[in-house]
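Below: one structure, written as structure tokens.
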Amino acid sequence: LGPAPQKDASGFYHFEPSCYSYLDLAPLASGGIAKLKQGPEVGPVKRVLTLTVPGGSTAGTLLVAVLRSESSAAQKAFVPPNASWQLAGDVIQLGGSHTAIWYLQGNPGGLNNLDFGVDPASVDAVGQLTEWSGVATTSALDQAGTLAVGTNQATVNLSTTGATTTANELVITDVGPFTQPQTITPGAGWNTLTNDGGNGFSSEYRIDLPAAVASETVKSSVATLWSGVIATFKPAGVVTGGAVLDPGFYYFNGSGLAGGGGICLNGATLLAKDVTLEFVNSTGLSSGTCAAGGGAACAGACAFGSTPCSISACPPNAPLDSASGGGYTWFAAPCSLAPTGDSSCAATSWCPTEDRACWNTLIWQAPGGTGQIAIKGSSVTHWLLGSVFWAGACTDSVNGASTIQGTVQCGTLSISAGAGAGTAIGGDYGVNTALLEAVLVE
């Protein structure tokens, strides 16, 4: 095992080039936003919606109420339990539905059975309350957006008006297709809080999006009128769940770990710049656990690298690990040219120019290796800048604009992507000459 990692001012642990059996980053996966409690959907009822979270709320968390009612010419805003609640967004589509998102940041704790008034009292309303940890206790709301569609449509897109400040914010949507009953299909990669086609009420969330405009495409089984609200909430301070591979060469041999090993995120974020990684025996690269084949899919804000500056401008967005002078975006090989619009990959300090043994090589597996590249799960993201040469199986789940910029060569290769995902494999550092090879492509 290599030298003990050192924690920097950004809260990231730095590993030095060395020979490792494996790196399991699960202990570093802390500090992000997480769903703490989810209350039941309540309604339809008239006059007062009483929303709950099991066992009462915990002090310091964020409470979010998503609400939906019928519309009326006399429609007014929902009335929150008290003046501490703030409105993220409210929209009324006459002849259709009325949707709203209210929130309470830094709640005092012990709250339950919260009453939201419905005005006029003649309309039916439904709602749900959720509780979230790891969210800022002041100025929590970052971005919001509303949607009002007055003509019958089966598919709509709900987006924030601006780009989020940071990656991995809490993003919640509240959509109210009018025609009932129906089947509501959330956007790919979104997690369902409630999905009630009988009452035209659907709410989803994500905590894994890059710093960019957040949007969800929602479908109904029938063309209908729509109203909708989307809101994003900032994390509390710096997320400490991460590690950094400092520049140099890394060797993973899997000794002492039967059938697995290598690098496994297991819920954490791993940054790197100017590195080449070699894997032998059963070792692999996984967004999940260190079990053989990469174990279960990532369950958390797993990421190789962070959103590149060519996609989300830096500034105003700050690359991860900026406090230690890293400013990491791409998980990058020794390189001389980053994709157009991104200067975050400078010339190497340790790999001799034109030495093709390491130049542009990010990941290499020794012949006969049995480990796998397993980047899979609905929340994993990856920004790999460099070439990948792998004798065994590769699995790549493309979420958001995740990509591998470089030549990819695998024994077998499986790529999956949801609607609206970016390009899975791009050119070699901005040049459209990348090679993609596999014995079998599924």
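The values are calculated or read from the model by the stated rules, or taken from the named source; none is laboratory data. Predicted model, so just to flag it, every value in this text is computed and none were measured. Calculation scope for accessible area: heavy atoms of the full protein, side chains included, ligands and nucleic acids excluded. Shrake-Rupley method; radii C 1.70, N 1.55, O 1.52, S 1.80 Å.
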Quiz prompt | Rel. contact order, % - alpha carbon contacts under 8 angstrom, at least six apart, the chain | solution = 15 percent
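Compute the accessible area per residue over the chain, keeping the other protein chains in place, probe 1.4 Å, unit Å². Intermediate results must be reported in sequence, preceding the final value.
Values: 16530 Å² over 442 residues.
Averaged over the residues of the chain, the accessible area is 37 Å².
Quick one: pull the percentage of alpha-carbon pairs in region 134-200 with a separation above 18 Å.
Working: 1090 of 2211 pairs.
Result for the distance tail: 49 percent.
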Exercise. Considering Cα pairs under 8 angstrom that are at least six residues apart, work out the relative contact order of region 150-229 and quote it in whole percent.
Key: 49 percent
Quiz item: Which percent, nearest 5, of DSSP beta bridges in the chain are antiparallel?
Solution: 55 percent
Exercise. Mind telling me which of THR58, THR166, THR289 comes out most flexible in a GNM of the chain, alpha-carbon contacts under 10 Å?
Key: THR58
Self-check item: Globularity ratio of the chain, using Cα Rg and 2.2 N^0.38 Å
Solution: 1.06
Quiz item: Over what distance in Å are the Cα centres of region 71-98 and region 356-406 separated?
Solution: 47 Å
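Using a probe of 1.4 angstrom, how much of the accessible area of the chain is carbon and sulfur, in percent? Before the final figure, lay out the partial values.
Values: 8850 of 16530 Å².
C and S fraction of accessible area: 54 percent.
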